[in-house]
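A.B. asks: Below are the structure tokens for one structure; questions will follow.
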Amino acid sequence: MTAQIPPHGGTLVTRIARGHEREELATKARTLTCVPLSSREASDLEMIATGAMSPLTGFMGHDAYEQVVDTMHLPGGIAWSLPVTLAVDEALAGSISVGDEVTLEADGAPLAVMEVTDKFKRDKRKEALEVYRTDAEAHPGVAKVYAQGEWLIGGPVRLFARPGHTDFLEFRLDPEETRALFRDKGWRRVVGFQTRNPIHRAHEYIQKCALEVADGLLVHPLVGETKADDIPAAVRMECYRVLLSGYYPKDRTALSVFPAAMRYAGPREAIFHALVRKNYGCTHFIVGRDHAGVGDYYGTFDAQYIFDEFEPGELGITPLFFDHSFFCRACEGMASYKTCPHDAEHHVILSGTKVRAMLRDGIEPPHEFTRHEVAQVLITHMLRKGAGTPS
Ligand SMILES: [Zn+2]
């Protein structure tokens, strides 16, 4: 058997009830106070239950919350960068006491029972400044925090029903499933790639540089909640499908979806993305420019520098840092600022704004920038959107 990277904290958590226990919980859940989950909280619940967020066994209590916000560590000293919280409004908080069990439900469907060990108020502005490095309401992650209820409740969860996904079903693999996949394929060094965007040539190049020194690549696009102006997950999945089938080695590439919601927390989210991918069985994780960033809130390489704030070995997964990459006409190939000595005039670089404008007009970006097959998927999407058809 191929030795695999241990999950964060040493054990792959599972909080999914099965068989008899599952039926008991489902029955009990009907008698308990219901706590409605936002789409992010429902994503978090599923990731806790499947072990993607190991060593977390539930939503954070007071001490875990404070220590993660202040020090990026859990009580006990394990590294963890993002608060994973469950917010309730004043009225609901008034009807819940520590020691209660509550039913967690999403879109009206009961999913889990949580034992409430903590109920507390937080300093939202402090959380924003520490976690998001800004208290600006225009930041989409900060806006979400400000819009949440005043109280947080925390405690261990037991999941008895999965959120009712209807999309990407064959691509939804839990950590134990990706781990089994890597074992079957005999991959020892597995590099994970997080994305919430279509993959252009620059990211293809970065992935393939990493694959040159790894056994396998996990393309792991985020399909939880994103900003309204991000490209919808279904369109992105079609881009990945056509790209992978034409240009990636089948026996060394896996495509699966990552159920998390975006927080746009930049550096801290890069740490989170890496730790979670370790739980999925990745040994290496790609961190490019402005990973998980938004607007101008983070420096280009802040999401790489933050890895230095942890002791060697604390994270367990090895980050692979990449600079901006592009096709260089003088190099006659893909290159980056690390490898190409030529001036910008030789580089095929287009801004996101420019690319969107071209696609909207039905114009394919240069093939050195975007593969023809990917451009066609995006142009079709833009035309449909332009015609007012829901995408
Ligand atoms: Zn060059």
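A.B. asks: Provide a single number: the residues in the stretch 5-58 that are surrounded by 16 or more Cβ atoms within 10 Å (Cβ to Cβ) and either within 21 Å of Trp80 (Cα to Cα) or of a type in the set (Phe, Trp, Tyr) (or both).
C.D. replies: Here the count works out to 27.
A.B. asks: Next up: Just one of (1) in contact with a Leu (Cβ under 6 Å, 6 or more places away or on another chain); (2) closer than 22 Å to Asp174 by Cα; (3) among the small types (Gly, Ala, Ser) trips up Ala64, so point out which.
C.D. replies: Failing condition for Ala64: (2).
A.B. asks: Would you pick out the residues in the stretch 69-110 that are open to solvent by 10 Å² or more (accessible area, probe 1.4 Å) and hydrophobic (A, V, I, L, M, F, W, C)?
C.D. replies: Passing the criteria: Met72, Leu74, Ile78, Ala87, Ala91, Leu92, Val98, Ala106, Ala109.
A.B. asks: Related question: Can you name every one of the strands (runs of 3 or more DSSP E) wholly within the stretch 274-356 that holds 1 or more residues which are open to solvent by 20 Å² or more (accessible area, probe 1.4 Å) and within 16 Å of the ligand (Cβ to nearest atom)?
C.D. replies: Here the list reads 325-328, 333-336.
A.B. asks: Filter the stretch 203-227 down to residues that are modelled with pLDDT of 95 or more and of a type in the set (Gly, Ala, Ser) and give me whichever is nearest to Thr370 (Cα to Cα).
C.D. replies: Among residues in the stretch 203-227 that are modelled with pLDDT of 95 or more and of a type in the set (Gly, Ala, Ser), the one nearest to Thr370 (Cα to Cα) is Ala210.
A.B. asks: Sticking with this one: With Pro267, Pro232, Pro198, Pro249 as the choices, which residue is closer than 26 Å to Gly10 by Cα and not hydrophobic (A, V, I, L, M, F, W, C)?
C.D. replies: Details: Pro232 fails: closer than 26 Å to Gly10 by Cα; Pro198 fails: closer than 26 Å to Gly10 by Cα; Pro249 fails: closer than 26 Å to Gly10 by Cα.
Checking each option against the conditions leaves just Pro267.
A.B. asks: Hey, another quick one. Which condition number in (1) touching a helix residue (DSSP H, G or I) at 6+ places or on another chain (Cβ under 9 Å); (2) modelled with pLDDT under 95 is the one that Lys126 fails?
C.D. replies: The one condition Lys126 does not meet is (2).
A.B. asks: Would you be able to tell me the number of residues in the stretch 111-133 that are in contact (Cβ under 8 Å) with a residue 40 or more places away in the chain and open to solvent by less than 20 Å² (accessible area, probe 1.4 Å)?
C.D. replies: Residues that pass the stated criteria total 8.
A.B. asks: Filter the stretch 212-259 down to residues that are in a helix (DSSP H, G or I), open to solvent by less than 20 Å² (accessible area, probe 1.4 Å) and among the hydroxyl-bearing types (Ser, Thr, Tyr), then give me how many there are.
C.D. replies: Qualifying residue count, the stretch 212-259: 1.
A.B. asks: Only one of these conditions is not met by Gln67: (1) touching a residue at least 24 places away in the same chain (Cβ under 8 Å); (2) in a helix (DSSP H, G or I). Which number is it?
C.D. replies: Just one mismatch for Gln67, condition (1).
The values are calculated or read from the model by the stated rules, or taken from the named source; none is laboratory data. Since the structure is predicted, the reported quantities are computational estimates derived from the model, not experimental observations. Backbone-built Cβ (ideal geometry, glycine too); neighbour counts: all protein chains shown. These area figures cover heavy atoms from the full protein model, side chains too; ligands, DNA and RNA do not enter into them. Shrake-Rupley method; radii C 1.70, N 1.55, O 1.52, S 1.80 Å.
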